[in-house]
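Report on the structure given below.
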Amino acid sequence: NITLPCSNTDEALQSRVTVFWRFGDSRTVYDIIDSRASFDEQDASFIGRVESFPAEWTKGNFSISLSNVQKADGGLYTCFIPDINKQMRVQLILLKTRYEKIKDALEWRNHLSVGPLIRRLQVRSLVMLQPSIAQSPRQHNWPRSLWVDRMGPLSPPSLNAMLVSAGIC
């Protein structure tokens, strides 16, 4: 969950407050109309994922909490309080997950699609692929992959067992 802040402590509000949260200035995220949450116009992508804190409204806090954050949620959010003509903007920037970084690096390096492979391995607790180069002068410097889970490097037998149990080999 992430909290998008919106507050007013500068000016007195009426007893019944109205606040509009928008994504990209047009998609309705959350509305407070006459001090009540209104979901009539809420965009389908936000249904069931946004909540506010009604006990905080009387203190001027109109922040919202967004759950199950997705890549498409990144962007500009606007909180508008029409009674005092006040607008606050929050830019939500989402960073890539570890899975996305690994997938991008491998696809760039190998020019192949590894998404399904990594997703299946993640289910089996493999969380990272790390390219490595053989260091011995007697060995050829062939690239190899070092497979690592949360306990450390995986030996070839344990890796093979994991790949077989994941249905990959």
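If we count other beta carbons within 10 Å of each Cβ, what is the order of Trp57, Trp21, fewest first?
Numbers: Trp57 17, Trp21 26.
The fewest-first ordering by Cβ neighbours comes to Trp57, Trp21.
Over all pairs of distinct alpha carbons, what does the Kirkwood formula give as the hydrodynamic radius of region 2-92, in Å?
Values: mean 1/r = 0.0762 Å⁻¹.
Value: 13.1 Å, from the Cα pair sum.
Could you calculate the contour length gain from Glu11 to Ile93, that is, 0.36 nm times the residue separation minus the distance between their Cα atoms, to one decimal place in nm?
On the way: separation 82, 0.36 × 82 = 29.52 nm, distance 2.96 nm.
Net length gain for the segment: 26.6 nm.
Taking neighbour counts of Cβ atoms within 10 Å as a proxy for exposure, in what order, fewest first, do Lys86, Lys71 appear? Spell out each step's value before the answer.
Numbers: Lys86 15, Lys71 9.
In increasing order of surrounding Cβ atoms, one gets Lys71, Lys86.
Since every read-out is calculated from the coordinates, none of them should be taken as a lab result. Please read all numbers here as calculations on a predicted model, not as lab measurements. Here the Cβ is made from the backbone with ideal geometry for all residues, glycine too, and neighbour counts use every protein chain on show.
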